[in-house]
Structures are given as structure tokens and as C-alpha cells.
1. Condition first: part of a strand (DSSP E or B) and either of a type outside the set (Val, Ile, Thr) or under 14 Å from residue 126 (Cβ atoms) (or both). Now tell me which residues in the range 322-342 satisfy that.
2. The conditions are (1) farther than 17 Å from residue 143 by Cβ; (2) assigned to a loop (DSSP other than H, G, I, E, B), and residue 104 fails exactly one of them. Which is it?
3. Answer with yes or no whether residue 291 is acidic (Asp, Glu), out of contact with any Cys (no Cβ under 6 Å at 6 or more places or on another chain) and farther than 27 Å from residue 197 by Cβ.
4. Name the single residue that is nearest to the chain's Cα centre (by Cα) among those in the range 158-175 being closer than 11 Å to residue 96 by Cα and crowded, with 24+ Cβ neighbours inside 10 Å.
5. Kindly evaluate residue 178 against the criterion of being in a helix (DSSP H, G or I), crowded, with 24+ Cβ neighbours inside 10 Å and outside the structural domain of residue 224 (by TED's automatic domain parsing).
6. Output the number of the condition that residue 211 fails; it satisfies all remaining conditions of (1) over 26 Å from residue 94 (Cα atoms); (2) touching a strand residue (DSSP E or B) at 6+ places or on another chain (Cβ under 7 Å).
7. Which residue, of 139, 165, is in contact with a Leu (Cβ under 9 Å, 6 or more places away or on another chain) and modelled with pLDDT of 95 or more?
8. Report yes if residue 58 is over 28 Å from residue 277 (Cα atoms), at pLDDT 95 or above and surrounded by 21 or more Cβ atoms within 10 Å (Cβ to Cβ), otherwise no.
Amino acid sequence: MTLAEDRAAAVFGARHGREPAGVAFARGRVNLIGEHVDYNAGLVLPLALREGTAVAWAPRDDGAIVAWTEDFAAQDRFTPGEPAPPGPVGWRHYLRGVAACGPEHGVAVAGADLVIAGTLPRGAGLSSSASLGVAVARALSAAAEAVAPTLALARTAQAAEHRFAGVRCGIMDPLASAGAPAGHALLIDCRSLALEPIALPADWAVLVVLSGVERGLAEGEYNARRAQCEAAARALAVASLREATPAMVESLAPLLRRRARHVVTEIARTEAAAESLRRADLAGFGALLRDGQRSLREDFETSVAAVDALVAILDAAIGLEGGARMTGAGFGGAVVAVCAEAEAERVAAAARAAYRTPAGEPPTVLVA
């Protein structure tokens, strides 16, 4: 069992005086490349993390869902279908969203006692919210004596974010959390939903370095970028920017041109990165990461100064055999770095030595 699963089971026993009937787990993810293209029907290449969210569960006879979260030391009690409580978006919104949206997407829901514990840092762009949604959906499905398919879990978690958290996220995060196999990147075609696991070469290392700059997707910037992409697709008379070409994009007004140019080139970069991964071409993969960071900074404008500085430190330490870029939706969060396994500790040490978070601390480094 993972650390999160152990914690959830132990707290469940302490609170309820009995063992849970089971423990559901969903991993976080780091997106290697393919940023802000899932809602444009593009290609993405996430990698599952060891860290994630665990939900210890046992069925209840009264139909109520009674949940305790160890991370926030807080409880919620409701019946499926109840609206989210007023106030800022928090864990209760995701929980109620999953319970309400699950049956619509093929996830059975039953009354249950739940204890939630996680090991993912929040606000770091590592899919803590998608991991929570998928783990809760798995637990409620198990309490209903059912097993939900991967896509049903992902659709449920996505719908909960849309309707209860106000974030119009794409399918990548919940689908990666629900379906990415260990040791493999998962190439997801967000138009067809075709999945291709690609093994990570044994002599590569993937580092996730936390900038310490927290982000809030529901504060408007993420939804604004999605609206701009949709406006660009309408202007080009295409169903999504997946259908656009570089030449078409040049006809757009300046702001929409930059947004669409990032999407079109990022889809091409992701396809090339998947091929570099299949060939174990570390230098080629790193060049694509660096070009993606430039596009996110200049065309999509989702990177921030602290993240740019951290990326530069990592790129300097890695050299040409690998590269780094921001990962996740942006406006803070984490940086992903890919390098030779033999160089991983030196690269991590360089980041800890040269970068300080807004709180003045060295960055946390996770090994994916």
C-alpha cells in the first residue's frame, strides 16, 4: 500500500473503531508535454506519480455519505444530489460533485463512511483535484458493489470540476489519474480518447520541482484561456483547434493568434515527443520541452517569473541531454525536468541550491 492508503486506513480505524471495507487510490500526474490542448481535442503525454489520494470506505445503510478529510481535519455529511455548500470552492464541492455526477456517467454511488488522505501538494499543478475526484468515485462505486470503468471515472471527476468547482478542465487530468500505468507515460488523444502507454526508458529520470507559487484555476485565468481558444476555433470555422494549421492561425487577431499558435504547435510537439520517447532520444525530448516552455511563456502567457527562473536553473544544470518546462495549467505550480538517471541527484541539488520559493525555502523535488 502507498503512504496515502496506509494513512487513510489507519485514520478510518481510529475514527470508526473498525477496519474499512476497502481503500480506493488514485494517482496524481505530471504532464510531460501537451499543455492546454486537452480541451482543444489535442494530444497530451502525462506520467503517473507515486503520490496520490486514498479514500478508505465502508458502506452505510442510510444512504448518507459521511466523509472525513485528514488533510483539512474536517467532516462533511450529505446525501447524493445535495447542492454544494455556499462559500469558496473546497474539497466538499468535489465530493458532492462526484456523488451527484457519478450515476450520469456510469459510476454507481451508495451511502458510505469515507476517510480521505493524500500525499499530493495542493496548488502545484499535479492533479490533486482530479486525484481526489477519481479516488472518491472509486470508493463510492465499491460501496455500491460495482466497479467503474476508467473512462466513467474520468468523466465523473471532470463533470464534478465543471459543475461544482467552476473549472472547465479537459479530460487529461482525470483520465491520467484513472488510467496511467506505473512506469509509463500515457499518450492520450483527447479527440478519440485513444490511449497508448509508452515505457519510460530505464536510464531517464523525471523530476518534479515545486516552485512554491500556488495557483487558483477557478479565479478566471484558466477559464479565460479556454474561452480564447474557443473563440479562435469559431473564427477559423473549425470544430476545435485540433483541426487548425499554422497557416490558418496567422489570419487571426493578435491575441487569438498567439493562443491558437501555442495550441497548434504544442500538439505537434507532443506527437514528436512521443516519438522521441519511443526512440529513447533524450536530447530530442529535451529540446521539445524547452520549446514548449517558450510557447507557454510567450504565446499562451501562463508561466510566471518565478517559474521561468526555476526552468532556467534546471535547463542550465541539465544541458542538452534533457530539458525542463512548467507543467500543469500554469500561473505557478510545478516544473517538470527530464534528464539522465545518473544526473538526477546533481540536477536536483542545483535546483535546491539556486532557487528559493516565495517563502524563502529551497524547492521540494519529487522523483516521478
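The values are calculated or read from the model by the stated rules, or taken from the named source; none is laboratory data. Being a predicted model, the structure only gives us computed values, none of them experimental. Neighbour counts run over all protein chains shown; Cβ positions are idealised from the backbone, glycine included.
1. As a first pass, look at the range 322-342 and keep what is part of a strand (DSSP E or B): 322-327, 334-340.
Answer for the range 322-342, where residues must be part of a strand (DSSP E or B) and either of a type outside the set (Val, Ile, Thr) or under 14 Å from residue 126 (Cβ atoms) (or both): 322, 323, 324, 325, 326, 327, 334, 335, 336, 337, 339, 340.
2. (2)
3. On the way: acidic (Asp, Glu): yes; out of contact with any Cys (no Cβ under 6 Å at 6 or more places or on another chain): yes; farther than 27 Å from residue 197 by Cβ: no.
When the stated conditions are applied, residue 291 does not pass them.
4. 161
5. Working: in a helix (DSSP H, G or I): yes; crowded, with 24+ Cβ neighbours inside 10 Å: yes; outside the structural domain of residue 224 (by TED's automatic domain parsing): yes.
Yes; evaluated as a whole, the condition is true for this residue.
6. Only one criterion is unmet by residue 211, namely (1).
7. Working: 165 fails: modelled with pLDDT of 95 or more.
Answer to the check: 139.
8. On the way: over 28 Å from residue 277 (Cα atoms): yes; at pLDDT 95 or above: yes; surrounded by 21 or more Cβ atoms within 10 Å (Cβ to Cβ): no.
Spelling it out, it is not the case that residue 58 is over 28 Å from residue 277 (Cα atoms), at pLDDT 95 or above and surrounded by 21 or more Cβ atoms within 10 Å (Cβ to Cβ).
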